[in-house]
Amino acid sequence: MEEFVERVLIPTAEIYQRLDELAQQIRKDFQDKELTVVAVLNGSLIFAADLLRRLPLPLKLDCISASSYHGGIESSGTVNLANLPDINGRHVLILEDILDTGLTLTAIQEELGKLCPLSLRVCVLLRKRKRRAHLVTADYIGFDIEDEFVIGYGLDYQEKYRNLPYIGILKESAREE
Ligand code: XMP
Ligand code: MG
């Protein structure tokens with residue numbers, strides 16, 4: 001295991017198995033709809049790539065950028081969104097890496113909601129078990145996890161570790177406080 005990882009939380013095989021299940025569920029729900037997937041970069045890049053290849057639906061893909069972090073592990077309070085897509089009259093599925101405080105997804109739902117989609121659903125790979133300041137729910141959830149800072153499979157600490165193939169907990173000693 002890598003020296004900056006405290007422990008592996010979700011091994012790659014488990015991620016793939018869960019993606020198979022999520023894809024089945026999503027396929028069923030959207031089989032007769034015109035689906036637009038909106039992936040939230042950078043965190044959902046790897047999740048989206050793996051999930052979409054399991055989805056045999058005629059979908060469109062758009063990517064938006066959202067940033068609410070300034071490097072560390074604390075959320076900054078405001079969310080910057082870039083590259084908002086044209087989703088007028090589309091059934092939209094947002095793909096996000098993790099639902100933590102809910103700040104990011106609340107902002108994304110609000111902004112995309114203004115663009116007149118026919119429907120707006122949310123799929124997150126991870127959801128932290130905690131009290132959320134922002135009331136936001138996800139329609140599809142990969143894994144519920146404890147409130148710990150995780151890295152890998154797209155998730156970063158100061159833009160590092162996104163390319164780890166599994167989801168792990170970052171060691172205290174690898175953090176700059
Ligand atoms: P909020 O608090 O807005 O957080 O729900 C969502 C965004 O914050 C990032 N985030 C994390 N990134 N490990 C990460 O690498 C974590 O444990 C973590 N918790 C939150 C993430 O970018 C997400 O989009
Ligand atoms: Mg991040």
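Some values worked out for this structure:
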item: Helices (runs of 4 or more DSSP H) wholly inside region 1-115 containing at least 1 residues that are at pLDDT below 95; result: 103-113
item: Verdict on GLU21 being within 25 Å of GLY102 (Cα to Cα) and acidic (Asp, Glu); result: yes
item: Region 37-68 - residue that is among the charged types (D, E, K, R) and out of contact with any strand residue (DSSP E or B) (no Cβ under 8 Å at 6 or more places or on another chain) and, of those, surrounded by the most Cβ atoms within 10 Å (Cβ to Cβ); result: ASP50
item: Any hit, region 114-125, residues being under 19 Å from LEU155 (Cβ atoms) and more than 15 Å from ligand 2 (Cβ to nearest atom); result: yes
item: Count - residues of region 128-147 that are modelled with pLDDT of 95 or more and open to solvent by less than 70 Å² (accessible area, probe 1.4 Å); result: 8
item: Within region 149-177, tally of residues that are aromatic (Phe, Trp, Tyr) and more than 11 Å from ligand 1 (Cβ to nearest atom); result: 1
item: Unmet criterion (only one of (1) closer than 22 Å to PRO11 by Cβ; (2) touching a residue at least 12 places away in the same chain (Cβ under 8 Å)) for THR106; result: (1)
item: Selection count, region 116-148, where residues are within 13 Å of ligand 1 (Cβ to nearest atom) and outside any strand (DSSP E or B); result: 13
item: Filter pass, ILE151 being open to solvent by less than 20 Å² (accessible area, probe 1.4 Å), of a type in the set (A, V, I, L, M) and within 16 Å of ligand 2 (Cβ to nearest atom); result: yes
item: Only one of LEU115, LEU103, LEU120 that is surrounded by fewer than 17 Cβ atoms within 10 Å (Cβ to Cβ) and over 12 Å from the mean Cα position of the chain (by Cα); result: LEU115
item: Pairs, first open to solvent by less than 50 Å² (accessible area, probe 1.4 Å) in region 18-36, second of a type in the set (Ser, Thr, Tyr), C-beta under 8 Å, six or more apart; result: LEU22/TYR140; ILE26/TYR140
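The values are calculated or read from the model by the stated rules, or taken from the named source; none is laboratory data. Everything numeric in this text was worked out from a predicted model, so none of it was measured. Reconstructed Cβ throughout: ideal geometry from the backbone, glycine too, with neighbour counts over all protein chains shown. Heavy atoms of the whole protein, side chains included, go into the accessibility calculation; ligands, DNA and RNA do not. Shrake-Rupley method; radii C 1.70, N 1.55, O 1.52, S 1.80 Å.
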